[in-house]
1. Return the residues of region 1-47 that are open to solvent by 40 Å² or more (accessible area, probe 1.4 Å), assigned to a loop (DSSP other than H, G, I, E, B) and not hydrophobic (A, V, I, L, M, F, W, C); say none if nothing qualifies.
2. Residues to consider are Gly115, Gly50, Gly93; find the one that is open to solvent by less than 50 Å² (accessible area, probe 1.4 Å), without any contact (Cβ under 8 Å) to a residue 24 or more places away in the chain and at positive phi.
3. When the residues of region 96-109 are narrowed to those that are open to solvent by 40 Å² or more (accessible area, probe 1.4 Å) and closer than 18 Å to Lys49 by Cα, which ends up farthest from the chain's Cα centre (by Cα)?
4. When you scan region 96-112, how many residues do you find that are free of Cβ contacts under 8 Å to residues at least 40 places away in the same chain and not polar (S, T, N, Q)?
Amino acid sequence: KMTDLSGKVHTNQTLRGKVVLLDFWATWCGPCKMASPVMQKLHAKYAKKGLVVIGANAFERGNSKQLSGNYRKEHGYTYTFTVDNSKLADAWGIRGIPQFYLIDKRGVVRWQLDGFDPDMESTLSKQIEKLL
């Protein structure tokens, strides 16, 4: 389970039936910040078709909620930001960020990417369209 900036809890059950793009990131991570505009573009393009983009803040150096909230507001991002996800990231075996997972409507991980890729918007769009 993950908790967003407004306190709403997101679980496997609440996300079932939606395609989810999960981005493990932190505010101190340069490549993570390079990926954020891509996450926003994908959210804007596919949210009405059923995609949920979640920026899952993990391994933060400081107050995860405050730092994530400030970052989101500063850049005008409108996709979901969840906080305090280090235990979840550990449970998933994540050792480096950013780390991206594309999860289908049944909750099955269908695609995964380690690190930032300059072509990730195109690559992710193709994968998302297959699942929507």
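The values are calculated or read from the model by the stated rules, or taken from the named source; none is laboratory data. Treat the numbers as computed from the prediction; the structure is a model and nothing was measured. Cβ atoms come from the backbone with ideal geometry, glycine included; neighbour counts cover every protein chain shown. Accessible surface areas use protein heavy atoms only, side chains included; no ligands, DNA or RNA. Shrake-Rupley method; radii C 1.70, N 1.55, O 1.52, S 1.80 Å.
1. Lys1, Ser6, Gly7, Lys8, Arg16, Gly17, Lys18
2. On the way: Gly115 fails: without any contact (Cβ under 8 Å) to a residue 24 or more places away in the chain; Gly50 fails: without any contact (Cβ under 8 Å) to a residue 24 or more places away in the chain.
Testing whether each residue is open to solvent by less than 50 Å² (accessible area, probe 1.4 Å), without any contact (Cβ under 8 Å) to a residue 24 or more places away in the chain and at positive phi leaves just Gly93.
3. Across region 96-109, the extreme among qualifying residues is Arg106.
4. Going residue by residue through region 96-112, those that are free of Cβ contacts under 8 Å to residues at least 40 places away in the same chain are 96, 108-112.
Narrowing the set further to residues that are not polar (S, T, N, Q) leaves 96, 108-111.
Going through region 96-112 one residue at a time, the tally reaches 5.
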